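To keep things clear, I will list the structure first and then write my remarks on it.
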Amino acid sequence: MDLYGATALVIDGNPTSRSILVSQLRDMGARMVAQSPRIADARRQLEFRTFDVVVCEQNFPNDTGTGQALLDDLRRAGLLPFATVFIMVTTEASYSKVAEAAESALDSYLLKPFTANQLAQRIGQARHRKTVLRDIFEAVEAQRYEEAARLCLQRFEQRQDYWLYAARVGAELLLRLGRYDEAQRLYEAVVEAKALPWARLGVARAQIESGQLQKANQTLHSLIDSEPDYADAYDVMGRAQIELGNFDAALAAYKMATDLTPASISRLQRHGMLAHYCGQRDTAEALLARSVRLGLDSKMFDAQTLVLLGFMRFEAGDRKGLQRYWDDALRMVERHPKSWRLRRLAQVLEIALLLLDAQVARVLERLRAMMATINDEDFDFEAACNLATLLAYVAQRAIQIDEVEERLTVLGRRFCTSKALTALLAQAASAHPPYAERLAALHNEVLGIVEHAMRQSLAGNPRAAVRELIAQGEATCNAKIIESAWGVLKRYESRIEDAAALAELIQPLRTRYQSYTNKPVIGDKAARQAGGVSLRVMDVATADT
């Protein structure tokens, strides 16, 4: 195996074995071999530098994580380039877990004890696999996603070399392209050929995306029964339960995932955020604070964590703690000055701090500016929850805002799109129960709008139904109403003479408000979905948040 000119990173807590690995890689021709004795150090290196080869020990007895947890977090955040070969070193005892983790990253694992020749062979195999699949990933990098999916399907159907890997990438592409039925069929074909956990999980993911929540629930229960240590399965189970509105069950699933991977920054944050919205403040604070300690400077860290911790410090009257989280947010803004999301999150913390300092005039000025943006394209559900919390805090302090009832109604009409999202939004305003009750009631108003239009459709006038839904969608910016207009139009297209003209009215609304991707998401929605492969270019393209 010739690694001439390559760069490598060795991650191992044992100085002796680390030294041996470094020597072996240098003997293979690597021009630069970096070392890291700790998971946290390795994470920082991999976030800010690119290596051709990474050799990582699985077990770190004196550390807070494992090699598998590091790999999982990196691929979930889309931080491992396709060209990087990641080799996990493990003992026989943990083989099954590591094999799945390595497979998920399209790389390999190596069982101890091993020789230099065996290490070279594994690296060579992984590099060869990447060479064979290069046309697929070149298409992904060039954003030719349809072509990449076609190449994957071709390799799978013809059972060419690495057809299982191609199937996994192809199914992931189909999910990202919204071709859920095709993705499900591809995952099912893999299960039939070889019942791999990731393929069974893929079936559940496709079922969730296509709205088959009960079927997904059954698929996930079956998978978890046979693979009780498969953390990604609990992530997806949590997502399914949130969409079903079963928050206690979602929390239980997220707890299993964090118990299995206690050093995973992304899982700690997701679990902690849901615990916060479910009113479990102590649990939320413990989980979110731990994520801050583990990865405040990590690219995997989600600044919404700082907002929720800041809210908890506000409720405790802890100005110093709230100031600290605002300062942390401002430092993140300094590192990413073009991120509108980070600027908005920092502003939320600033308003909370001003409110704690009783600077009422400045609070009202900033809140009015924020309320004026409710129907902007980039004002998302996360922003809605944060605004609802701030408005509830202001009302709790008996500070009067004349237009607040009207703006709260606008907020609810836009974001009360499902039972689950309505419950989360209402919980965000729980500091002032009348606001929470008002938001909860607005879901019925939205349902009433959709049902009235549907009655027209059933009565034989689908065009009138579509026109009504378009008008209401434009007025409310509500994703459910917009998608209902699209659904009725597609169903009765042959009976509507000006269907093409109506489609031209709906499509800009769907694009502007991303109504076709309207899902309950806890945390940064740009992160890789649990169970999916990191398609790095696709992930990075949506990650400027």
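Worth a mention:
- 3J(HN,Hα) from dihedral phi, region 429-437, Karplus parametrisation 6.51/-1.76/1.60, rounded to Hz, x for glycine, proline: 9, 5, 5, 10, x, x, 5, 4, 5
- What you get for the chain, charging only the Cβ of Lys and Arg (+1) and of Asp and Glu (-1), is a dipole of about 480 debye around the Cα centre.
- Phi-derived couplings, Karplus 6.51 cos²θ - 1.76 cosθ + 1.60 at θ = phi - 60°, listed residue by residue for region 23-30: 4, 4, 5, 5, 4, 7, x, 4 Hz, with x used for Gly and Pro.
- The slack between ARG281 and GLN160, meaning 0.36 nm per residue of separation minus the straight C-alpha distance, is 38.4 nm.
- Loop sites in region 155-197: trypsin sites (Lys or Arg not before Pro), DSSP, at most 14 other Cβ within 10 Å: ARG159, LYS194
- Our coupling estimate for region 62-69, obtained by passing each phi through the Karplus curve with A = 6.51, B = -1.76, C = 1.60 and θ = phi - 60°, is 9, 10, 8, x, 10, x, 5, 5 Hz, Gly and Pro reported as x.
- Each Lys and Arg Cβ is given +1 and each Asp and Glu Cβ -1; about its Cα centre, region 7-132 then shows a dipole of about 320 debye.
- In this structure, PHE114 and TYR516 have a Cβ-Cβ separation that, at R0 = 51 Å, corresponds to a calculated FRET efficiency of about 0.60.
- Distant-in-sequence amide contacts of ILE87, defined by a placed amide H-H separation under 5 Å and a gap of 5 or more residues or a different chain, comprise VAL54, VAL55, CYS56.
- Modelled this way, with points 7 Å down the Cα-to-C-beta line, the labels at ARG324 and ALA475 are 4.9 nm from one another.
- One chain, two ends: ARG455 and ALA372. Fully extended at 0.36 nm per residue, the span grows by 26.5 nm beyond their Cα-Cα distance.
- Positive-pole candidate from LEU309, ALA126, GLN207, dipole of the chain, charges at beta carbon: ALA126
- Size estimate for the chain follows the Kirkwood approach: the inverse of mean 1/r over distinct Cα pairs works out to 25.0 Å.
- Helical mean residue ellipticity (222 nm; -39500 (n - 2.57) per DSSP H run of 4+; nearest 500) of the chain: -21000 deg cm²/dmol
- With 31 Å as the limit on Cα-Cα distance, the pairs of LYS215/LYS480; LYS194/LYS255; LYS299/LYS490; LYS194/LYS490; LYS130/LYS338 that go past it are LYS299/LYS490; LYS194/LYS490; LYS130/LYS338.
- Anisotropy class assigned to region 7-132 is rounded, per the alpha carbon gyration tensor with a/c under the 1.5 cut-off.
- Dipole size of region 445-517 about its Cα centre, with +1 on Lys/Arg Cβ and -1 on Asp/Glu Cβ: approximately 140 debye, rounded to the nearest 20.
- Spatial offset of region 41-69 relative to region 211-227 amounts to 32 Å, using the alpha carbon center of each.
- Taking region 163-187 and a reference point 7 angstrom along Cα→Cβ of GLU141, the backbone N atoms nearer than 19 Å belong to 166, 169-170, 173.
- Gyration tensor verdict on region 445-517 (Cα atoms; rounded if a/c is under 1.5, prolate if a/b is larger than b/c, oblate otherwise): oblate
- Extension gain for ALA189-GLU365 works out to 57.6 nm (0.36 nm per residue, less the C-alpha to C-alpha distance).
- Charge-dipole axis of region 178-249 as Lys and Arg at +1 and Asp and Glu at -1 on Cβ define it, positive-most pick from TYR234, ALA189, PHE247: ALA189
Where a number appears in this text, it was derived from the coordinates with a stated rule and is not lab data. Remember, predicted model here, so these are calculated numbers, not experimental data. FYI the Cβ positions are ideal-geometry reconstructions off the backbone, even for glycines, and counts take in every protein chain you see.
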